[in-house]
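This report concerns only the one structure given below.
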Amino acid sequence: MATATPPATTPDPQPADNSPTKTEKVMAIVIAILCGTIAAFIAFILTRHYQGTALMAAGAFGTSFIGTAGFTAWIEDKLHLL
């Protein structure tokens, strides 16, 4: 007896205008967040290393995260990844 084979799944088609897919957009956002997190932790560690207070370190953490994540997202937008 012959068994029916399920049809092969096809990958998501690329849009005609070559815009990024939903997966590529999500990955671009994740990359921006990770870049911001790494920069924020480096700023926090350096601030504490140079005898900064905890409040100064928290401010450096937040500022670095927002600045780096925003800059990375801006670059990705200019590269048409968002």
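The values are calculated or read from the model by the stated rules, or taken from the named source; none is laboratory data. Keep in mind the model is a prediction, meaning the values are calculated, not measured. We place every Cβ from the backbone using ideal geometry, glycine too, and count neighbours over all the protein chains shown.
Checked against the criterion of being of a type in the set (Val, Ile, Thr), loosely packed, with under 13 Cβ neighbours inside 10 Å and over 11 Å from the mean Cα position of the chain (by Cα), the candidates THR63, THR53 yield just one match: THR53. Given the criteria assigned to a helix (DSSP H, G or I), at pLDDT below 95 and β-branched (Val, Ile, Thr), does THR3 qualify? For THR3, the condition - assigned to a helix (DSSP H, G or I), at pLDDT below 95 and β-branched (Val, Ile, Thr) - is not met.
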